[in-house]
1. Could you tell me which of TRP235, ALA383, PHE185 has its Cα farthest along the dipole of the chain towards the positive end, charges placed at Cβ (Lys, Arg +1; Asp, Glu -1), taken about the Cα centre?
2. Divide, for the range 1-103, the radius of gyration over alpha carbons by 2.2 N^0.38 Å, where N is the residue count.
3. Subtract the Cα-Cα distance of TYR308 and HIS387 from 0.36 nm times their separation in residues, and report this length gain in nm to one decimal.
4. Any idea what the dipole of the range 275-388 comes to, in debye rounded to 20, about its Cα centre with Lys/Arg Cβ at +1 and Asp/Glu Cβ at -1?
5. What do you get for Rg/Rh over the range 114-198 if you use C-alpha atoms and the Kirkwood form of Rh?
6. Find out how many positive minus negative residues lie around THR343, taking Lys and Arg as positive, Asp and Glu as negative, among other residues whose Cβ is under 12 Å from that of THR343.
7. With the calculation restricted to Cα positions, what are the radius of gyration and Dmax of the chain in angstrom?
8. For the range 182-305, taking Cα atoms only, what is the radius of gyration to one decimal and the Dmax to the nearest whole Å?
Amino acid sequence: MTTNVSITWDAAGARRAERQFLARPAGTGTPLAEVAGAMLGVHAQVLSAAELSLGMRADGVTRADVRSALWDDRSLVKTYGPRGTVHLLPARELPLLSAALTAVPTGPSPFPPDVRLTEEQSAQVVTAIGEALDGRFLTLDELSEEVVARTGPWAGDRVMPAFQDLWPRWRQVMHRAGWAGTLCFGPNRGRKATYTRPASGDRTVSDGAGDALSVFVRRYLHAYGPATPAHFARWLAAPPGWATALFGELASAGRIEEARFEGTPAWVAAGDTDFPDGPARGVRLLPYFDAYVVAGQPRKRLFPGAAYQRALGGGQAGNYPVLLVDGVVAGVWHQRRRGRRTTVTVEPLVPLTARQERELGEQVERVGEVLEVTPELVVGEVAVGPHA
């Protein structure tokens, strides 16, 4: 399905900012699950970054509110999401996300044949994880003992290279247990992470993997479109050929439609062709691996000029916290915390107007509110490297 809609970069950026609560933060009382759902998940490998991603998008929210949503009312779940990385996801959407993510081809294993798990072994491990965690909170070591007891000694062989160490073989598919809905994080026990099985409840359940993928793609295009199959594949770490075929099937079914994005073919959800007239406006500070920059494409428009070299770590978005000016990356920043205070160093890559300088100051104050510390703004060079 093809339309005559022509979309500019400014219009696309403005709509993405609106839909991800960056043009205007969510009002007081908006459920954090709604904000996380609008982003299709909040990257949470570092929890403080996830707290900032949500807090900078929602009026009055602090890190305590995020942790309450995680550990008290459990409206958010910390588990493995897109790309097999740790995310905060809306609990009510876990069935949909599980059905979609488990339907994505994983590609060839990066491990040698004598290290890999077979598909049968992988399925055994995922089942064992779910059984072990049902109604329990286990540390990684405790979970490893349970998995080996339920499968066999082969699962515990320390053959998986990771961070200058060797992990048990079964951990190759730990993220797949998250996708399958048999594992999520629990509250820390002291300094150790714990894992449990997501609680069941009244959630929207997909009619099947095919339907889930259709909803998932349209949700992605709603948040980050217009986009191409290659953009989607990169965001999801999925095979590009599979993504192209999937988009073709959805187009044939009338679920998505083709448009012209900066003169080239791209896709939007069917009927979702309204865009703002002008560009995004305002100054924003976004943390490591914020969804807006990780999913935002094309990279050279989102990271214009000097930002392409300065703010992309080896070509990967998210390795630096970024300064957004009018919807595009215009600098990097870093915070150094000392007790109840933090120094926020911002390195702009473009001249800021007096209004933008005021907005930057307000954003730094907001960082302090979210993290419950007193912030100090320093404008100057960020001396630390990526993901420091």
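What follows draws every value from the coordinates through simple rules; no lab data is involved. Note that this is a predicted model, so its numbers are computed, not measured. Note that we place each Cβ from the backbone using ideal geometry, even for glycine, and neighbour counts take in every protein chain shown.
1. Value: ALA383.
2. For the range 1-103, the normalised Cα radius of gyration comes out at 1.17.
3. 26.8 nm
4. Result for the range 275-388 is approximately 240 debye, rounded to the nearest 20.
5. 0.95
6. +3
7. 21.3, 65
8. 18.0, 54
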